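What follows is calculated from the coordinates using simple rules that are stated; it is not laboratory data. All of these numbers come straight from a predicted model, not from anything done at the bench. As a convention, Cβ positions derive from the backbone with ideal geometry for all residues, glycine included, and neighbour counts pool all protein chains shown.
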Amino acid sequence: MGQWLERYLDHLRHERRLSPHTLNNYARDLERIAAWCDDQGIDTWERLDQHRVRAYAAQRHRQGMAGKSVQRELSSLRSLYTYLLREGLVESNPVLGVRAPKVQRRLPATLDADQLGHLLDASSGEDPLELRDQAIMELFYSSGLRLAELVSLDCRDITREEGVLSVTGKGAKTRLVPVGLKALQAIHYWLEVRGTVAAADEPALFVSRRGTRIRPRTVQARLKVWALRQGAGRHLHPHLLRHSFASHLLESSGDLRAVQELLGHSDISTTQIYTHLDFQHLARVYDAAHPRAKKKR
């Protein structure tokens, strides 16, 4: 089982070109399932049937694992068997038809436009790292990037004259996204001082104080500090800016397909969660404005 698992991980690494973070998640999930199979006396992937997959999922749920995590493990196993079917090792996928416990889908948190304006319009001063942080936040909100996408950007990926950014997302898929005027201005100010921080041969758009490509944890820490300094009263993180980008764009345009393309979602059902956010906003407006919706004093 271990031999085929290694082959599958190599397939994800070299053929599907998944990110190291995603690859580690697959490896952790499948190694845990393989260890469980070993405890059950299952020594080949062919011997794992649907009944035993259900037993595994039920056990994980009894152990207190959240339904979303069980879903992710089953998804990893389902993907492995798709590969094993392709390779002719198995004749069926035992994960098909096995459902994880239902998950209550939580709506993503967002900031309203006024809150974001207060955060983003704050003066960054003349310090190069603060100019960098300003550009990072503006770009997150302007283009709805994931954290991994932002830290992987090189200087050559942005065409400032056209206001276009080339982004490599999940599955090594490349998409072009527009960059707003405010973000372009912030990037311009950062690039003017980037040479005082970056190493001579460093291609990364955003670098750390050491002059090398900035790390995800550094971005997260800097956003947290910025929010505290501006008195935001809540934790600021990259996905909050991405969620706000998607929610505000959908609220203004109503174009779900366009938002899907900009976010880099392969499945539109992932983007549809923002329609629920938009409906919540409409419901609040209704409750506040409609004469028959108001509560009597």
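Structural remarks
- The chain: calculated mean residue ellipticity at 222 nm from DSSP helix runs of at least 4, using -39500 (n - 2.57): -17500 deg cm²/dmol
- Taking 0.36 nm per residue of separation and subtracting the current Cα-Cα distance, fully stretching the chain between ALA58 and ALA221 would add 54.9 nm.
- ASP49/SER123 FRET efficiency (R0 51 Å; Cβ-Cβ; nearest 0.05): 0.20
- Computed over segment 105-191, relative contact order equals 27 percent, with contacts defined as Cα pairs under 8 Å that lie 6+ residues apart.
- Centre-to-centre, using Cα atoms only, segment 138-196 and segment 26-59 are separated by 42 Å.
- Computed FRET value (nearest 0.05) for SER253 with SER166, which takes r as the C-beta separation and R₀ as 22 Å: 0.45
- Distant-in-sequence amide H partners of ASP154 (H built 1.01 Å from N, under 5 Å): LEU205
- Take the Cα of ASP38, step 7 Å toward its Cβ, do the same at GLN3, and the gap between the two points is 1.6 nm.
- Taking GluC sites (Glu not before Pro) across segment 107-186, the ones in a DSSP loop with at most 15 further Cβ atoms lying within 10 angstrom of their Cβ are GLU126, GLU161, GLU162.
- In plain terms, the chain from ARG175 to ARG156 could stretch by 5.4 nm, reckoned as 0.36 nm per residue minus the Cα-Cα distance.
- Between ARG210 and SER266, the distance separating the two model label sites (each 7 Å from Cα on the Cα→Cβ line) works out to 3.3 nm.
- Cross-link partners of LYS173 among aspartates and glutamates (Cα-Cα below 17 Å; sequence separation of 8 or more within a chain): GLU15, GLU149, ASP154, ASP157, GLU261, ASP267
- Each of [x] 23.0, 71; [y] 19.2, 59; [z] 23.2, 84 is a candidate for Rg and Dmax of the Cα atoms in Å; the one calculated from this structure is [x].
- Available extension along the chain between ASN25 and SER69 is 14.8 nm, counting 0.36 nm per residue and deducting the alpha carbon span.
- Nearest-0.05 FRET efficiency for VAL193 and ALA113, computed from C-beta distance (R0 35 Å): 0.75
- ASP49 sits among other residues whose Cβ lies under 15 Å from its own Cβ, and their net charge, with Lys and Arg +1 and Asp and Glu -1, is +1.
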